[in-house]
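What follows is one structure encoded as C-alpha cells, with my remarks underneath.
The values are calculated or read from the model by the stated rules, or taken from the named source; none is laboratory data. Here the structure is a predicted model, which means the values were calculated and not measured. Positions of Cβ are generated from backbone atoms using ideal geometry, with glycine treated the same way; all protein chains shown enter the neighbour counts. We work out accessible area using only protein heavy atoms, side chains counted, and drop any ligands, DNA or RNA first. Shrake-Rupley method; radii C 1.70, N 1.55, O 1.52, S 1.80 Å.
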Number of protein chains: 2
Amino acid sequence: LPRLLLLVKPNDIPAYLSELKTAGLADLEIVTTPDPSVEIILGDPALFRAHLRHLPALRWVQATWAGIESLLDPALRHDYILTNARGVFGPLMSEYVFSYLLLYERRILERLEAQKHNQWAPALTGTLRGKTIGLLGVGSIGAHVAGTAKHFGMKVRGYTRASQGCPDIDRYYHGEALLEFATGLDVLVNVLPNTPATHSIVNADVLNSLADQAIFINAGRGSAVDEAALLSALRNKQLAAAVLDVFREEPLPHAHPFWNTENLFITSHTAAPSFAQDLARLFIENYRLFIAKQALKFQVNFEQGY
Amino acid sequence: LPRLLLLVKPNDIPAYLSELKTAGLADLEIVTTPDPSVEIILGDPALFRAHLRHLPALRWVQATWAGIESLLDPALRHDYILTNARGVFGPLMSEYVFSYLLLYERRILERLEAQKHNQWAPALTGTLRGKTIGLLGVGSIGAHVAGTAKHFGMKVRGYTRASQGCPDIDRYYHGEALLEFATGLDVLVNVLPNTPATHSIVNADVLNSLADQAIFINAGRGSAVDEAALLSALRNKQLAAAVLDVFREEPLPHAHPFWNTENLFITSHTAAPSFAQDLARLFIENYRLFIAKQALKFQVNFEQGY
C-alpha cells in the first residue's frame, strides 16, 4: 500500500482528507507526520522541504503551489518526480487582476471618500474596453487572464520565450522585442516564474515605455521587478498604480518603502490561493496516473527550473 | 435637409460632433439650440424634455439614456418616434457589477486598511466561482452581466416576465416564482426598468430569501427597493453589502440614512454612462434607417413604458 504524507496548513487538512476520501482511493494510506516508508508527498514546499532527506522511499512529490524555486536548491535531492500546481490558478488570477483594474476604472476609492461626506459623486467612470493589456508570461495562468481581458473588450499582447498558442493574444512578442511589447500598454501584468531570465525584467526602460497613467500588476515573482525604478515611476505620477502580490522578501519587511508609497497596493501573496478542493483533485488525477505507471501531469524539470 | 437638435452636456458636444462628422452624414444639418424647424433630437431627456412642445416639425427623438420614464408623463406629447439607448450599456454594467463583487471577494478594503499599518495580510481570499447570481431583468444589459458571471464560473438565475432567450441563464423564473428565484442567491442584481410591476420588488421577503451574507446590487431604478427592508437587512448583518447606483430621489438627499450605513456603497448613478462615441454610433445607425424610411431600432412603446 503506497503511503502518502499530507503536509499542508493544519486548517486545510480536513478539506484535503474529505476530498481524498470522496475519491475512494482505497489503495492509499495517508499520514500527516513524516515516516521513512513515505513514498508520496502532497504538500506545501515550505512545510516538506526540510523532510526530503529523511524519506528514503520517496518517489513522487505533488506540490500544492505553482512556485517551486525553493526545491531547486542544488543542496537538496532531486531524485524524485516533482509535479507542481498548474491549471487551477488561472480563474483566481483573473479575479485578482480584474478586481484591481475595475477598482481603478470605476473610481471606487474616490466614490467611497465622497460618500463619507454624504456627497453625490457622479464623475464619469472609465472603461476597460479598448484598452491594451500586456502579459509577461502566457502559460495557463496568462492564457486565462487573456481570456478575461478579451471578455472585457481589451486588446491583448503576450510576451513569451517562444510559445504562441493562446487564441486570446492578439499579438505575441519574444526575446529582444520586450520594449516593443511594452510600448503604449495601458496595463502590464507579470505572471512569469522566477528564473534567471526574468530577474528585473520590469526595469526603468519597460516602465518608461508604458502609456502614461498605466497600471502595473505583479503576480509572478518579486525578483521580476526593479524596485527603485518602480518607486520612481510611481512617485513621478507616471504610473497610475502598481498592484504587487509578490516581493523579493516575504513577508515584505516592515520598513520597506513600498508600504507607504501612494497608489501602490500590496496584496500579501494572496492572488491565487491553493484551495484544498482544487489541489486535492489535481493530486487525485495524478495519483491515478501514478498507480497506472503513466507519465504524471505538470512535471517540473529540475534543470530548467519550471 | 433634416435638421438635428443635439442636446447633450456641453462637455460632450465636441465628441458627438466629431463622430457625426466622421460618419459623413452630409444630408443632415446639426444645431445645438432649439428652433421650430428641428425634425430630430439626439440628446439627454433631462435637457430636451422642456423643449418638446415648441418643436412642431419633430418626428424622431433618439435619447442618449436607457431610462425614459420622464418622457412618459401623460402631460407631454407622444406623437413622435422615441428610440432609447440600448445594446451599449451591457459591457459597462458588467464592469460595474463585477468591480464591486471582486472588491468584496478579494477583501480589497481590508487589505488597504492593513497596508496603512505596514501589515502583511495574507488572509485567504474568496472566489466568485461556484457562487450563484440572480438577475432581476434579463434584457440586453442583464444578458451581458450573465455572460460575465458565466465567465467567472458562477451559476446564473434570471427573473423575467416571460422572456427566456439568454443562453447564459441556467434557470429562468417568472411571475409568482420570485421568492423561489431569490432563495439561496449569493448575489442579487436588479437591472429592471421602472414600471408599476417593479415597484418595491426587492422587499423584505426577497431579502430574507437570499443566502446569508449575500450582496445586493441595484443598477435598475431606485423604486425597485423597499428602503426600510434594505436598511434593516444591512443593520442586522444579514446582507454582506449593498451597492446602489439609483435612488427614489436623485441626487440622494444629504440627510438620507443610506449615506452612513455600514457596507452600503453609493455610486451616484454612474454604473453605465452614456459615452458619446457609443451613442453617436447608435444614432448614426438609426439615422440611416430613418432616411431609408425603415423601422428604427429600440423604439419605445409609450403605453408599455419601455
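Points to keep in mind about this one:
- Residue list for the stretch A:233-249, restricted to those being farther than 17 Å from A:TYR100 by Cα and either within 11 Å of another protein chain (Cβ to nearest Cβ) or not polar (S, T, N, Q) (or both): A:ALA233, A:ARG235, A:LYS237, A:PHE247, A:ARG248, A:GLU249
- Conditions (1) open to solvent by 50 Å² or more (accessible area, probe 1.4 Å); (2) at pLDDT below 95; (3) not hydroxyl-bearing (Ser, Thr, Tyr); number of the one not met by A:ARG235: (2)
- Subset of the stretch B:42-53 (residues that are in contact (Cβ under 8 Å) with a residue 40 or more places away in the chain and open to solvent by less than 10 Å² (accessible area, probe 1.4 Å)): B:LEU42, B:PHE48
- The helices (runs of 4 or more DSSP H) located wholly in the stretch A:176-294 that include 2 or more residues which are closer than 30 Å to A:PRO14 by Cβ and among the acidic types (Asp, Glu) occupy A:276-291.
- Any chance A:GLU285 is open to solvent by 20 Å² or more (accessible area, probe 1.4 Å), among the charged types (D, E, K, R) and at pLDDT below 95: no
- B:PRO257 within 30 Å of B:GLN62 (Cα to Cα) and of a type outside the set (A, V, I, L, M): no
- Scanning the stretch A:10-21 for residues that are within 14 Å of A:ILE41 (Cα to Cα) and open to solvent by 50 Å² or more (accessible area, probe 1.4 Å) turns up just one, A:LEU17.
- Among residues of the stretch B:275-304, those that are within 14 Å of B:ALA85 (Cα to Cα), more than 14 Å from chain A (Cβ to nearest Cβ) and of a type in the set (Asp, Glu), counted: 1
- Test for B:ARG157: is it basic (Lys, Arg), surrounded by fewer than 17 Cβ atoms within 10 Å (Cβ to Cβ), at pLDDT 95 or above and touching a Phe, Trp or Tyr at 6+ places or on another chain (Cβ under 9 Å): no
- Residue in the stretch A:8-26 that is in contact with a Pro (Cβ under 7 Å, 6 or more places away or on another chain) and farther than 20 Å from A:TYR287 by Cβ present: no
- When residues of the stretch A:246-267 are limited to those that are charged (D, E, K, R) and under 20 Å from A:ASN190 (Cβ atoms), the one least open to solvent (accessible area, probe 1.4 Å): A:GLU250
- Residues of the stretch B:146-173 that turn out to be among the hydrophobic types (A, V, I, L, M, F, W, C) and within 12 Å of another protein chain (Cβ to nearest Cβ), as a count: 3
- Given (1) in contact (Cβ under 8 Å) with a residue 24 or more places away in the chain; (2) in a loop (DSSP other than H, G, I, E, B); (3) under 19 Å from B:LEU289 (Cα atoms); (4) open to solvent by 10 Å² or more (accessible area, probe 1.4 Å), number of the condition B:VAL38 does not satisfy: (4)
Condition check ((1) closer than 18 Å to A:ASP245 by Cα; (2) surrounded by fewer than 20 Cβ atoms within 10 Å (Cβ to Cβ)) across all residues:
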residue: A:ALA162; (1), (2): no, yes
residue: A:THR183; (1), (2): no, yes
residue: A:ASN190; (1), (2): yes, no
residue: A:THR195; (1), (2): yes, yes
residue: A:ALA204; (1), (2): no, yes
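- Residue in the stretch B:291-305 that is surrounded by 21 or more Cβ atoms within 10 Å (Cβ to Cβ) and in contact (Cβ under 8 Å) with a residue 12 or more places away in the chain present: no
- Applying a threshold of 8 Å to beta carbon distances and a minimum spacing of six or more residues, or different chains, the list of pairs starting in the stretch B:250-274 at a residue that is more than 7 Å from every other protein chain (Cβ to nearest Cβ) and farther than 19 Å from B:LEU231 by Cβ and ending at one that is of a type in the set (Phe, Trp, Tyr) and surrounded by fewer than 20 Cβ atoms within 10 Å (Cβ to Cβ) reads B:SER274/B:TRP65.
- Members of the stretch B:169-181 that are open to solvent by less than 30 Å² (accessible area, probe 1.4 Å) and in contact with a helix residue (DSSP H, G or I) (Cβ under 6 Å, 6 or more places away or on another chain): B:ILE169, B:TYR173
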